[in-house]
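Chemist: Below is one structure. I have some questions about it.
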Amino acid sequence: SEREGAVEYVFKVVVIGDSAVGKTQMLGRFTKDEFSVDSKSTIGVEFQTRTVSIQGRLVKAQIWDTAGQERYRAVTTAYYRGALGAVLVYDITRRQTFDHVARWIDDLRSHASPSMVVMLVGNKSDLASDHHSRAVTTDDAVEFARDQGLFFYETSALRGDNVEAAFMRLLEEVYAVA
Ligand code: GDP
Ligand code: MG
């Protein structure tokens, strides 16, 4: 099992993005494979962990969740300290959350290490089948991510689609530079 043996690496990863984009649900999906219907806004939760195997090495991902600090520039330097990776989440059904991604990148650049691996994630892809719900096209996000040098996934924390793939990709990229 993934839990046997000795952990050789601990990677701190931070999850950022506007309120209600699905950060906490995504983290729950990756660390516990669950989605809770009555999700409350996060208060005081620090981080969750999951140990995975990457190229035969045990890596403990220590994934930090914001605790209601999603207002502009409210996330503190301590939150970013030592982080090797960041998951920057927006909601594909709310354009404003995508428009704010640039602010979050500014925040990363002012607080975090330049070598941090950053992944852009458009969450709530389960709602995309209703074309009236989608407010950010995949093409727009792909182009933006390419310009910014980020890699990009669309996910559904609700259905679990792509959450595992996205987090594993991030951890593999961090492993490659660590
Ligand atoms: P956070 O503020 O970014 O941590 O967002 P939460 O994880 O608390 O989720 C905010 C709301 O969006 C909650 O009502 C969740 O149930 C809902 N939600 C989160 N992820 C998804 C998803 O992938 N699809 C859908 N349809 N709803 C989601
Ligand atoms: Mg939350």
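The values are calculated or read from the model by the stated rules, or taken from the named source; none is laboratory data. Since the structure is predicted, the reported quantities are computational estimates derived from the model, not experimental observations. No Cβ is skipped: glycine too gets one built from the backbone with ideal geometry, and neighbour counts run over all protein chains shown. The area values use the complete protein model at the heavy-atom level, side chains included, leaving out ligands, DNA and RNA. Shrake-Rupley method; radii C 1.70, N 1.55, O 1.52, S 1.80 Å.
Chemist: Tell me which helices (runs of 4 or more DSSP H) are completely within the stretch 54-113 and hold 2 or more residues being of a type in the set (A, V, I, L, M, F, W, C), or say none if there are none.
Modeler: Once the helices (runs of 4 or more DSSP H) in the stretch 54-113 are filtered for at least 2 residues that are of a type in the set (A, V, I, L, M, F, W, C), what remains is 101-111.
Chemist: On to the next question. Residues that are β-branched (Val, Ile, Thr) and more than 16 Å from ligand 2 (Cβ to nearest atom): does the stretch 60-75 have at least one?
Modeler: Looking for residues that are β-branched (Val, Ile, Thr) and more than 16 Å from ligand 2 (Cβ to nearest atom), one finds none in the stretch 60-75, hence no.
Chemist: Is it true that residue 152 is touching a residue at least 24 places away in the same chain (Cβ under 8 Å) and crowded, with 21+ Cβ neighbours inside 10 Å?
Modeler: No: the conditions fail for residue 152.
Chemist: Same structure, new question: What are the residues in the stretch 10-23 that are touching a residue at least 60 places away in the same chain (Cβ under 8 Å), out of contact with any helix residue (DSSP H, G or I) (no Cβ under 7 Å at 6 or more places or on another chain) and more than 15 Å from ligand 1 (Cβ to nearest atom), if any?
Modeler: Scanning the stretch 10-23 gives a single hit, 12.
Chemist: When you go through (1) within 26 Å of residue 49 (Cα to Cα); (2) open to solvent by 50 Å² or more (accessible area, probe 1.4 Å) one by one for residue 88, which number turns out not to apply?
Modeler: Residue 88 satisfies every listed condition except (2).
Chemist: May I ask you to verify whether residue 56 is without any contact (Cβ under 8 Å) to a residue 24 or more places away in the chain, under 18 Å from residue 165 (Cα atoms) and not acidic (Asp, Glu)?
Modeler: Judged against the criteria, residue 56 is a match.
Chemist: Taking the condition among the hydroxyl-bearing types (Ser, Thr, Tyr) and part of a helix (DSSP H, G or I), does residue 153 pass?
Modeler: Judged against the criteria, residue 153 is not a match.
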